[in-house]
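Single-structure report; data block below.
Every read-out reported here was derived from the displayed coordinates using simple, explicitly stated rules and does not represent laboratory data. Here the structure is a predicted model, which means the values were calculated and not measured. With ideal geometry, Cβ positions are generated from the backbone for all residues, glycine too; neighbour counts draw on all protein chains shown.
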Amino acid sequence: MNYRDTLHAIETTTALEIIGIGYEPKGAYLSFPCPNKCENSAVMKIYGDKKNLWYCPKCKKGGNLLKLAMETKGLEWEKTKELLSKCVFRTMVTSHSGAKLPAVPEHGYQ
């Protein structure tokens, strides 16, 4: 699975809970405190092409869920993968276009 597929396979709400970031659902987005401490809310898309990408409209910073986890927890890549493996969709289905999509999250079942 490549980096983009990995990013899309992560179940967003479970990942934020594991990282320790509180959030509030807002339609297709989750709102959470900006990790850059700008005293504003950042938003993260929870599905679609921009899934697990976040952006803060005040400080204009953003990134993806993997980097957010690394920075928030102070972890290296290998430890971040290990931490977030608990919230990866393990079952994939094929869409009408032939793309592989997450089907059912298994929330940590190994």
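So, counting K/R as plus one and D/E as minus one, what does the shell of residues with Cβ under 15 Å around Lys50 add up to?
Surrounding charge for Lys50 is +3.
Could you work out the relative contact order of the stretch 2-44? I mean the mean sequence separation of Cα pairs under 8 Å and 6+ apart, divided by the number of residues, in percent.
Computed value for the stretch 2-44: 22 percent relative contact order.
Lys73: which lysines have alpha carbons under 16 Å from its alpha carbon, excluding same-chain residues fewer than 8 sequence positions away?
Within the straight-line cut-off, Lys73 pairs with Lys37, Lys81, Lys86.
On a straight-distance basis, which lysines could pair with Lys79 in a cross-link, Cα separation under 17 angstrom, same-chain partners fewer than 8 positions away excluded?
Cross-link targets: Lys67.
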